[in-house]
Amino acid sequence: MILKGTPAIKGRAAGKILVLGKRKKRRKKRLTLPELRQEVEKYSEYLKKISVDVGAGSIYRVYEAILHDPQLWEKVESLISEGEKNALRAFVRVIEDYADELSGSEHEKFRNLGFELRIWLRDFENFVEGHHSEILENSTGRIVVGYELNIMDVFRIIKYGVSGVVLERGSLTSHPILMLKSRGIPTLIRVRDAVSKARRYRYAYLDAMEGFVEFSRRPLRIQVNEEKKTIHLLTNGGRVRMADGEEVTLQINVDIPEELEDFKGLGVGLFRTEYLYLMGVVSRDDQEYVYRKLSESVYPNVLTIRLFDLGGEKAPLGMDIPSHVRGIRYLLEYNRKLLEDQIEAINRASVRGNIRVLIPMVSTVEEVLEVRRLLKADIPLGIMIETPAAALIADRFKKFASFFSVGTNDLSQYVMAIDRKVSDYRFHPAIFRLVWYSFDKFRYQKERYSVCGDLAASHMGLLALLSLGIRVFSVPPAYIPDAVELIEKMDGETLNRVFRHIMVAYSEKDVEGILFHVLREKGIVEGDVSGRKVEMSTDLYESLKPSVEDAGNS
Ligand code: PEP
Ligand code: MG
């Protein structure tokens, strides 16, 4: 049985299937009080292992405190004495009551906790009920098939060495996918009926190069892991030379601190701190500790700390704010305390002189000024270019911000009027024109302008962005070797050719066509590029190709 999908993270993998997702309702397991206590201890051990291992120890501490709260146990016991026969059901009721109480709170922080408590309770129930659809120790080497993933799933996938992921939904720029991308775990998304089909088979061969998954009752092929490349440490701060000698700087995007381990020779162009927030690292002290440790481990290279980018699609559900309020707007208008604490933690952690701060979702100059007022004067402040507004007036920000980083994930969502959770539209000429328009004001200060959006982490995207003249990129660690390979094969003349074609392109297909053509010419890819099948035949490409005169006149 073969199903097609969209490759989100390149690679191939084969292994036993592990299906995630709701099964038919079953009756809750029946436990006595001592049995429940035993399960809680086992779960607590498990939680400790997973959260500490992926660098999220504070998650553990929060739940550990809840699990061992004497008041909670008193309530469980009193329900039992009132006649409840199943201790597990009593436990679930008590936690749900807690969560309801928290969700009704005036304070957003408590409302969030209420929501998280519910997710966690589901996790605990699954654990107790031994749902083997969950990702556990025995998931190593498996192909996970599910509807979509949450952050806890991603932690487990990383920790337990799942070898591939197949999802019915998802988009190339959603956060769980971006986290998997940092680890280079082959992932196929938008595979229709994957979950129901996968339940009927035992083995899968995932080809996230060609864009399909094959389910079978027997092992399909040898267990391949050919795409796992050795990552070469770059010891020169990420500087790579193009074939004609021009220099490009590569940095990495970090979502969870543990990812830094193998990349100490590189600067961090984007540290997405919202994952710390979601993991419960919010106090000034905890944040200061994390920032200080990271700044030491990347020293003498830069650590770019992006302020919490919460709200919108990144809001932990339960956060009761309008959907347009996100990033710096959220911090300034709805949670100034969180902003002030974060900046204070950064101010305190900045002792090595290599920390920079990046503001997410900026659209006005005033937002930058407000942050500047709180931040120590010697810490460089930069802005994300991810709203069309910021892209259009990037030059106006030059006085107030020292560096600029394009977030193509959001920029394309807002330029194309799409929802990044469910779709993407990455090669539309409008996106490149807009990025070029904003970058053009930095033509003589290229070191101030970079791209950290996911577009830079694919051959086609990186090629297009290089052609605009951009020379600093921050990409997920797993893409570094590919980025080096591409950059080393490029030269100014080829890039000019690409640039001229992009600027006169009529459609996304035109842009993909020229990029694909050049990548093939340079021997960098065959067949399929950056997870997107280029279906255009050479003839069609020729007929669509903008005329030489158009290109010459641009
Ligand atoms: C982006 O929008 O491209 C970006 C880098 O930010 P995030 O993906 O975290 O929203
Ligand atoms: Mg963004």
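Its alpha carbons considered, the stretch 231-490 gives a radius of gyration followed by a Dmax of 17.2, 53 Å. Principal axis analysis of the Cα atoms in the stretch 439-483 yields extents of 30, 17, 15 Å, listed in decreasing size.
Site pair Glu493 and Ser507 shows an inter-label distance of 3.2 nm when each label is modelled 7 Å from Cα along Cα→Cβ.
Per the Kirkwood treatment, what hydrodynamic radius in Å, one decimal, follows for the stretch 379-456 from the mean inverse distance over all distinct Cα pairs? About 12.6 Å, per the Kirkwood formula over Cα pairs. In this simple spin-label approximation, Arg443 and Lys337 carry label points 7 Å from Cα along the Cα→Cβ vector, and these lie 5.0 nm apart. Taking other C-beta atoms within 10 angstrom as a stand-in for reagent exposure, Tyr63, Tyr43 fall in the order Tyr43, Tyr63, fewest first. Relative intensity of the stretch 362-416 on a log10 scale, I(q)/I(0) at q = 0.18, 0.21, 0.26 Å⁻¹, equals -0.56, -0.73, -1.00, per a Debye sum over C-alpha point scatterers of equal strength in the absence of solvent. Note on Ala377 and His324: with the Förster distance fixed at 30 Å, the Cβ-Cβ geometry gives a FRET efficiency of about 0.40.
Residue exposure proxy: Ser458, Ser283, Ser139, ordered by other Cβ atoms within 10 angstrom of their Cβ from fewest to most, comes out as Ser283, Ser139, Ser458.
Among the listed pairs Lys293/Lys376; Lys441/Lys509; Lys10/Lys489; Lys29/Lys75; Lys159/Lys489, those with a Cα-Cα distance over 24 Å are Lys441/Lys509; Lys159/Lys489. Length gained on full extension, Lys399 to His428, computed as 0.36 nm times the residue gap minus the Cα-Cα distance: 7.4 nm. Between Asp193 and Arg37, the distance separating the two model label sites (each 7 Å from Cα on the Cα→Cβ line) works out to 5.1 nm.
Where a number appears in this text, it was derived from the coordinates with a stated rule and is not lab data. Just so you know, these numbers come straight off a predicted model, no measurement behind them. For neighbour counting, all protein chains shown are included, and Cβ atoms are generated from backbone atoms with ideal geometry for every residue, glycine included.
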